[in-house]
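The values are calculated or read from the model by the stated rules, or taken from the named source; none is laboratory data. Because the structure is predicted, anything quoted here is derived from the model rather than measured. With ideal geometry, Cβ positions are generated from the backbone for all residues, glycine too; neighbour counts draw on all protein chains shown.
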Amino acid sequence: MIAHELNNNEYDFNIDFKEGDIVIDIGANVGMVSILLAKKFPFIKIYSFEPLKENYDNFIKNIELNNIPKGVIIAENKAVTKDGRLITMSINSANKGGSSTTDVISVNSIMTKENSQVESITLEEIFKKYNINKLKLLKIDCEGSEYEILYNADTNLLKNIENLRGEFHENKNLTGEYDIDKLCEYVSKYIKNYKVTKARHCFVM
């Protein structure tokens with residue numbers, strides 16, 4: 001899905017980046033967004049998080065293949081959650097980028113063939129670890145985990161995020177909190193410049 005969104009400019013990265021600006025990429029996949037931004041804006045700093053080991057390894061290779069200067073992208077093989085717990089990833093065999101945590105994916109999804117345990121980190125821990133005060137861009141595309149990340153993030157932290165781009169997912173099989181429009185309404189209270197693709201009817205049973 002990421003390639004489709006980039007080709008159609010659905011993420012809308014028409015952002016006035018300046019030297020020293022910081023980006024967090026949650027759900028980095030194989031690095032398409034991080035690498036695109038690093039090539040276009042080599043003066044920014046990007047912290048990227050991808051939980052699936054295979055995707056992460058390909059991401060690191062892609063950084064090298066694209067000659068991204070050392071230090072522009074800092075990638076971690078971790079998920080982002082509300083509490084930094086150890087999580088179980090349900091791996092989508094047909095589309096590794098569509099893998100998700102077992103908390104949000106349909107348990108009997110026909111695409112789910114295997115599980116993998118992954119370490120995670122909170123948004124607050126990322127800000128603290130990398131001494132981030134102001135965030136120019138939060139890109140988030142994490143197959144349903146955006147709900148727990150954004151709803152549980154400190155609101156003062158959210159106010160320090162200038163732009164949000166990515167994809168919000170909806171699973172009608174789960175409770176009402178997994179509602180895209182409600183999440184957009186919540187985010188708009190704190191992050192004024194946001195634009196997301198709304199992926200409804202996800203995680204087909």
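Per-structure values
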| item | result |
| --- | --- |
| Condition met for Asp103 (at pLDDT below 95 and either surrounded by 22 or more Cβ atoms within 10 Å (Cβ to Cβ) or within 28 Å of Ile161 (Cα to Cα) (or both)) | yes |
| Matching entry among Leu138, Leu183, Leu157 (being touching a residue at least 40 places away in the same chain (Cβ under 8 Å) and among the aliphatic types (A, V, I, L, M)) | Leu138 |
| So Leu157, is it out of contact with any strand residue (DSSP E or B) (no Cβ under 7 Å at 6 or more places or on another chain), of a type outside the set (S, T, N, Q) and under 20 Å from Thr197 (Cβ atoms) | no |
| Verdict on Ile91 being closer than 18 Å to Asp25 by Cβ and either in contact with a helix residue (DSSP H, G or I) (Cβ under 9 Å, 6 or more places away or on another chain) or modelled with pLDDT of 95 or more (or both) | no |
| Hits in the range 46-64 - residues which are touching a residue at least 40 places away in the same chain (Cβ under 8 Å) and either part of a strand (DSSP E or B) or more than 20 Å from Ile149 (Cβ to Cβ) (or both) | Tyr47, Phe49, Lys53, Glu54 |
| The range 160-180: number of residues that are farther than 25 Å from Lys18 by Cβ and touching a residue at least 24 places away in the same chain (Cβ under 8 Å) | 10 |
| Total residues in the range 28-48, condition closer than 18 Å to Leu123 by Cα and surrounded by fewer than 24 Cβ atoms within 10 Å (Cβ to Cβ) | 2 |
| Members of the range 150-170 found to be closer than 12 Å to Lys189 by Cβ and of a type in the set (S, T, N, Q), listed by number | Thr155 |
| Residue in the range 50-58 that is of a type outside the set (A, V, I, L, M, F, W, C), at pLDDT 95 or above, surrounded by 14 or more Cβ atoms within 10 Å (Cβ to Cβ) and on the phi > 0 side of the Ramachandran plot present | no |
| Residue list for the range 45-80, filter: more than 12 Å from Ala28 (Cβ to Cβ) and among the basic types (Lys, Arg) | Lys45, Lys53, Lys61, Lys70 |
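Here's the yes/no breakdown for (1) modelled with pLDDT of 95 or more; (2) farther than 13 Å from Asp83 by Cα:
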residue	(1), (2)
Glu119	yes, no
Glu125	yes, no
Leu137	yes, yes
Cys142	no, yes
Ser145	no, no
Asn160	yes, yes
